[in-house]
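Below: the structure, in structure tokens.
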Amino acid sequence: MGDDIFTRIAGKVVVDFGCGEGSDAVELAGKGAKRVIGIDIREEVLKTARQKALSAGVQDHCVFATSTNELADVVISMDAFEHFADPSGILRIMNTLLQPTGEILVSFGPTWYHPLGGHLFSVFPWAHLVFSEKALIRWRSTFKTDGATRFSEVAGGLNQMTVAKFETLVADSPLRFANLELVPIRKVRYFHNRLTREFTTAIVRCRLVKRT
């Protein structure tokens, strides 16, 4: 999220969108946020998150739920945009959770054309681009029995998010970029530019605000 994350959330109401087991939300609550609301659709991980908040002594201002009507000064999304089944819909939901002068802080990666952009399916660099989706799903079925037939159906899901796709999604949303940072893969950072960015970006990091 960048070096200034704790400065940005100090004294603010924060929504951690897609909070998982709550480690980040609990840390934010312990480092200056006025109130943190962790949102996740999986009740089983929210139970773990609530226990973490209790253990850290922040349960009074760090809560977890499947939804909220409370508006946030800051909405945070970490390591999730390459997994959302409907990322454009998620941007619209985030917009409804945000105060008019608030901001959304997003960080995710690797993107689809990164050497390991296929996550589990990147058994070697760019394997997810070399082999077909059908072949990789068939390979996965040798050790997973959930019946997934597409990348989008595996646990966590993969929506094949690219840098360009994310830019288009934001352009078509009620939000706009206040800033966009494409963090390069360290070993190839000197080759990172507009032409190579899809293959050399490790992390997409940005700040979104409402359109005026």
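FYI, it's all coordinate maths here, none of it is from the lab. Treat the numbers as computed from the prediction; the structure is a model and nothing was measured. No Cβ is skipped: glycine too gets one built from the backbone with ideal geometry, and neighbour counts run over all protein chains shown.
Mean sequence separation of contacting Cα pairs (under 8 Å, at least six apart), scaled by the length of segment 125-201, corresponds to a relative contact order of 18 percent.
I want to check the label-to-label distance for LYS31 and LYS210. Put each point 7 Å from Cα in the C-beta direction and report it in nm to one decimal. Output for this residue pair reads 2.8 nm. Working from label points 7 Å from Cα in the Cα-to-Cβ sense, the PHE131 to THR101 distance is 5.3 nm. For segment 32-51 and segment 162-205, what is the separation of their Cα centres, given in Å? With segment 32-51 and segment 162-205 each reduced to a Cα centre, they are spaced 29 Å.
Sites listed here are trypsin sites (Lys or Arg not before Pro) in segment 1-105 whose DSSP assignment is loop and whose Cβ has at most 14 other Cβ atoms within 10 Å: LYS31, LYS34, ARG42.
Each Lys and Arg Cβ is given +1 and each Asp and Glu Cβ -1; about its Cα centre, the chain then shows a dipole of about 460 debye. Beta bridges from DSSP with both residues in the chain: antiparallel share about 45 percent, rounded to the nearest 5.
The relative contact order of the chain, computed from alpha carbon pairs under 8 Å that lie at least 6 residues apart in sequence, is 19 percent.
Rank the residues HIS83, HIS61 as a footprinting-exposure proxy: fewest other Cβ atoms within 10 Å of their Cβ go first. All intermediate terms of the calculation are to be shown ahead of the outcome.
Values: HIS83 18, HIS61 14.
The fewest-first ordering by Cβ neighbours comes to HIS61, HIS83.
A crude spin-label estimate for the pair THR68 and ASN193, with each label 7 Å from Cα along the Cβ direction, gives 4.4 nm.
Find the relative contact order for segment 166-212 and round it to a whole percent, using C-alpha pairs within less than 8 Å whose residues are 6+ positions apart. List each step's numbers first, then the result.
Details: 55 pairs, mean separation 23.0, N = 47.
Result for segment 166-212 is 49 percent.
Compared with the direct C-alpha span, the chain from ASP60 to THR48 gains 2.7 nm at full extension, assuming 0.36 nm per residue.
Can you compute the helix-only [θ] at 222 nm over the chain? Use -39500 (n - 2.57) per DSSP H run of at least 4 residues, normalise by all residues, nearest 500 deg cm²/dmol. Intermediate values should be presented prior to the final figure.
Values: 8 runs with 62 residues, N = 212.
Theoretical 222 nm ellipticity from helices: -7500 deg cm²/dmol.
The aspartates and glutamates within cross-link reach of LYS134, meaning a Cα-to-Cα straight distance under 19 Å and a gap of 8 or more places when in the same chain, are ASP146, GLU153. Taking the centroid of alpha carbons for each part, segment 120-161 and segment 69-87 are 24 Å apart.
Arrange GLU82, GLU70 by Cβ neighbour counts within 10 Å, fewest through most, would you? The partial results should precede the final answer.
Numbers: GLU82 24, GLU70 11.
Going from least to most buried by this count: GLU70, GLU82.
For the chain, the spread of Cα coordinates along the three principal axes comes to 49, 40, 31 Å, biggest extent given first. Over the C-alpha atoms of segment 146-212, the Rg to Rh ratio, Rh being the Kirkwood estimate, stands at 1.07.
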